[in-house]
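Following: one structure in structure tokens, then a few remarks.
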Amino acid sequence: MKNRILKICLVLISVLIVWGVYVVLKPEPKTIAGLMESYENPGIKIKIRSPFSGTVLVAKKGEVIFKEAYGLSNRETNEENEVDTKYGIGSVTKQFTAMLVMQLVEEGKLKLQDTIGYYLPYLPEEKANHITIHQLLTHTSGLAHYFALPAIGVNLSDFRKTKYTPKELVQLIGKTNMIAKPGEQFYYSSLGYDVLGAIIEEVSGKPFADFLDEKIVKPLQLKNTGFASNEYISNELAKGYAYREVYGLDWWTSEHGGEIREAPFRDQSTAYAAGGMHSTVEDLFIWSEAIKSHKLLSPELTKIMLSPDKKGHCYGWVRNWDDIVEKNINARLYGHGGALTGNSAYIGMYDDGTTIIYLANINNLKAEEILHQLYLRANDLKDDYKLKGYPNRSSYEKFIAAGGMTALKDYFQRLSEYSGYTVNPSNSTMRGVMKIHLEAGKQKVADSLKTVFLNTYNPNETTINDFGYDFLYSDNSNYALQFFIENTKRYPFSSNVWDSLGEAYLTYKDYDSAIDCYKKAVELGEQVNHRSLEDYKENLKKAESLNKS
């Protein structure tokens, strides 16, 4: 019996090895159709994070050369996606919001340098009298992204389920903590675009959906685009799904090596002008052509709208997304992606006339890989244009052998030149380089990297916390404390950062310091009735108990 089981196991292992070799050695498809089919099935799915389910359109110089749908729009009924299937487009909505603002500018009804308090006087003074419309459009307002809500005691899960009027949503945003002075730094903020939506309604005197319909949808005769109700989204759009990979025994019964679940409900009022619209690839192609031909906005104001500010961000668009440029140093484009739980979208307009649009109802997709591979096939190019010289950082020895910090600096300097704005190494790269230097006993280099990261990247509290926890549970646990302490200095009114610092002290068995931090977390948590308040109290009891023992 044991021998039979052993033989079965050996056969299964052999099958897996053969299948793995086949996947690795199988040549990548040469056509757009072949590429998308491979993304739909397990073939090279891993390169885009999730199996593709959605619709793709590729055009060259105004002519559509490819248009096809894949996967299911409803997995319960097995209804298939079609070319005219409507999807949530997430932050691609920001392009439309920016256009509505610019149309109001063209009509002389608002000015880009106006402060937002002129239109929304109920906002707190620090925001009302200092943030301009231009800063909201370019993500330089100092407003945070959604992570600012838990800091004021708003559970993100509850937030997504709650219905807000535009004024109620803006009043909530008004309570969030600023993360920079207006105009100083780039911080991507959907909350900023929600404020723009409220301003549009205030100036136009119409609901966002109606003004969008009047100024963009009807003039362009878009048949399947708009901002609609929860009921419409539920009944008329492809259902959204989330995918996660599974391993071990679960792999055998999985679909495409993962688990697919229906995305949770989100009230449209919370997505609003930052991410609540829906569309089709055909409508978005009409939209992209209208941008180029100035059907909705004068050439002068279109130029302003598409002028990059910090980090390449224009008004609702990004110029030369560095993740795409890194894969093809000759690529020049305007684009923007969108991602809701269960939806992924991207529209890219390349300078050479290539337009690529995809809409999907399974997330999370790796947009830069999809865009890059589609662009190569649309233009019959080989994959020979990657930026070269990225040093190996798997170990200190290999990193130094590849040129070390000099090579890393040179790589990102060249990427910045190709992109047209400063591109820094990613958070994970910085963290990894710090680790290999610490492991090699190069404390001073690691410290200098930490200083550069904290002062140049201006990371938010979530990012700093992530660094802290990553070091806390690594071979360099002592290094974690510096990040947690820095977080409390930068975000002293966040109960969560004090709780995290308390956990670090608890790990180091510094119970007195842990108690002080947990008390601070409880104090701040009580002020906003934080969702984790009871956890803070339990952590405090635990620290006090350990201190007595």
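The values are calculated or read from the model by the stated rules, or taken from the named source; none is laboratory data. Bear in mind the structure is a predicted one, so any value in this text is a computation, not a measurement. For neighbour counting, all protein chains shown are included, and Cβ atoms are generated from backbone atoms with ideal geometry for every residue, glycine included.
Would you tally the residues in region 446-499 being surrounded by fewer than 18 Cβ atoms within 10 Å (Cβ to Cβ) and more than 24 Å from ALA144 (Cβ to Cβ)?
Selection size over region 446-499: 8.
Would you please list the contacts, defined by Cβ atoms under 6 Å and residues six or more apart or on different chains, that run from a residue in region 526-545 that is farther than 19 Å from PRO150 by Cα to a residue that is surrounded by 17 or more Cβ atoms within 10 Å (Cβ to Cβ) and aromatic (Phe, Trp, Tyr)?
Correct list of pairs: LEU540/TYR518; ALA543/TYR511; ALA543/TYR518.
Got a sec? Which of ILE173, ILE152, ILE131 is of a type in the set (Val, Ile, Thr) and surrounded by fewer than 19 Cβ atoms within 10 Å (Cβ to Cβ)? Give the steps one after another, and end with the answer.
On the way: ILE173 fails: surrounded by fewer than 19 Cβ atoms within 10 Å (Cβ to Cβ); ILE131 fails: surrounded by fewer than 19 Cβ atoms within 10 Å (Cβ to Cβ).
Of ILE173, ILE152, ILE131, the one residue that is of a type in the set (Val, Ile, Thr) and surrounded by fewer than 19 Cβ atoms within 10 Å (Cβ to Cβ) is ILE152.
Listed here are the residues, each with its yes/no results for (1) part of a helix (DSSP H, G or I); (2) free of Cβ contacts under 8 Å to residues at least 12 places away in the same chain; (3) farther than 30 Å from ILE436 by Cβ; (4) more than 27 Å from the chain's Cα centre (by Cα).
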site	(1), (2), (3), (4)
LEU481	yes, no, no, yes
TRP498	yes, no, yes, no
GLY502	yes, no, no, yes
ALA521	yes, no, yes, yes
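So how many residues does region 74-92 have that are under 21 Å from ALA271 (Cβ atoms), in a strand (DSSP E or B) and over 23 Å from the mean Cα position of the chain (by Cα)?
So the answer is 1.
Before we move on, is GLU503 surrounded by 18 or more Cβ atoms within 10 Å (Cβ to Cβ), in the same structural domain as GLU544 (by TED's automatic domain parsing), modelled with pLDDT of 90 or more and closer than 28 Å to THR422 by Cβ?
Numbers: surrounded by 18 or more Cβ atoms within 10 Å (Cβ to Cβ): yes; in the same structural domain as GLU544 (by TED's automatic domain parsing): yes; modelled with pLDDT of 90 or more: yes; closer than 28 Å to THR422 by Cβ: no.
Spelling it out, it is not the case that GLU503 is surrounded by 18 or more Cβ atoms within 10 Å (Cβ to Cβ), in the same structural domain as GLU544 (by TED's automatic domain parsing), modelled with pLDDT of 90 or more and closer than 28 Å to THR422 by Cβ.
Just give me the residues in region 194-234 being more than 24 Å from the chain's Cα centre (by Cα), part of a loop (DSSP other than H, G, I, E, B) and hydrophobic (A, V, I, L, M, F, W, C), in sequence order.
Listed by number, the residues that qualify are LEU220, LEU222.
Only residues in region 358-379 that are within 16 Å of TYR334 (Cα to Cα) count as the first member; pair them with residues that are aromatic (Phe, Trp, Tyr), Cβ under 6 angstrom, at least 6 apart or cross-chain, and list the lot.
Close Cβ pairs satisfying both conditions: TYR358/TYR346; ALA367/TYR346.
Please verify whether region 132-155 includes one or more residues that are in a helix (DSSP H, G or I) and without any contact (Cβ under 8 Å) to a residue 12 or more places away in the chain. Give the derivation first.
Let us first name the residues in region 132-155 that are in a helix (DSSP H, G or I), namely 133-137, 148-151.
Filter once more, so that each one left must be without any contact (Cβ under 8 Å) to a residue 12 or more places away in the chain: none.
So far as region 132-155 goes, no, none of its residues is in a helix (DSSP H, G or I) and without any contact (Cβ under 8 Å) to a residue 12 or more places away in the chain.
Test of understanding: among GLU245, GLU282, which residue is at pLDDT 95 or above, in contact with a strand residue (DSSP E or B) (Cβ under 8 Å, 6 or more places away or on another chain), surrounded by fewer than 22 Cβ atoms within 10 Å (Cβ to Cβ) and among the acidic types (Asp, Glu)?
Numbers: GLU245 fails: at pLDDT 95 or above.
None of the other options fit; the residue is GLU282.
Regarding PHE186, is this residue aromatic (Phe, Trp, Tyr), in contact with a helix residue (DSSP H, G or I) (Cβ under 7 Å, 6 or more places away or on another chain), in contact (Cβ under 8 Å) with a residue 60 or more places away in the chain and part of a helix (DSSP H, G or I)? Give the steps one after another, and end with the answer.
Numbers: aromatic (Phe, Trp, Tyr): yes; in contact with a helix residue (DSSP H, G or I) (Cβ under 7 Å, 6 or more places away or on another chain): yes; in contact (Cβ under 8 Å) with a residue 60 or more places away in the chain: yes; part of a helix (DSSP H, G or I): no.
Criteria not met by PHE186.
Sort out which residues of region 156-169 are farther than 23 Å from GLU202 by Cβ and part of a loop (DSSP other than H, G, I, E, B), and write them in order of number.
none
If you scan region 303-335, which residues turn out to be buried (at least 19 other Cβ atoms within 10 Å of the Cβ), of a type outside the set (A, V, I, L, M) and closer than 15 Å to MET99 by Cα?
HIS313, CYS314, TYR315, GLY316, TRP317, TYR334, GLY335
Condition (residue is of a type in the set (Asp, Glu), at pLDDT 95 or above and under 23 Å from SER141 (Cα atoms)) applied to region 193-200: is it met by at least one residue?
Taking region 193-200 as the starting set, the residues that turn out to be of a type in the set (Asp, Glu) are 194.
Keeping just the survivors that are at pLDDT 95 or above gives 194.
Subsequent filtering for residues that are under 23 Å from SER141 (Cα atoms) retains 194.
Within region 193-200, one or more residues are of a type in the set (Asp, Glu), at pLDDT 95 or above and under 23 Å from SER141 (Cα atoms).
What is the one condition in (1) buried (at least 18 other Cβ atoms within 10 Å of the Cβ); (2) free of Cβ contacts under 8 Å to residues at least 24 places away in the same chain that ASP351 does not satisfy?
Answer for ASP351: the failing condition is (1).
Restricting to region 95-124, what's the tally of residues that are farther than 17 Å from LEU169 by Cα and in a helix (DSSP H, G or I)?
At the first step, the residues of region 95-124 found to be farther than 17 Å from LEU169 by Cα are 95-96, 98-115, 118.
If we keep only those that are in a helix (DSSP H, G or I) as well, we get 95-96, 98-106, 118.
Of the residues in region 95-124, 12 are farther than 17 Å from LEU169 by Cα and in a helix (DSSP H, G or I).
Answer yes or no as to whether LEU196 is within 30 Å of ILE362 (Cβ to Cβ) and crowded, with 21+ Cβ neighbours inside 10 Å. Before you say what the answer is, go through the steps one by one.
Numbers: within 30 Å of ILE362 (Cβ to Cβ): yes; crowded, with 21+ Cβ neighbours inside 10 Å: yes.
It is true that LEU196 is within 30 Å of ILE362 (Cβ to Cβ) and crowded, with 21+ Cβ neighbours inside 10 Å.
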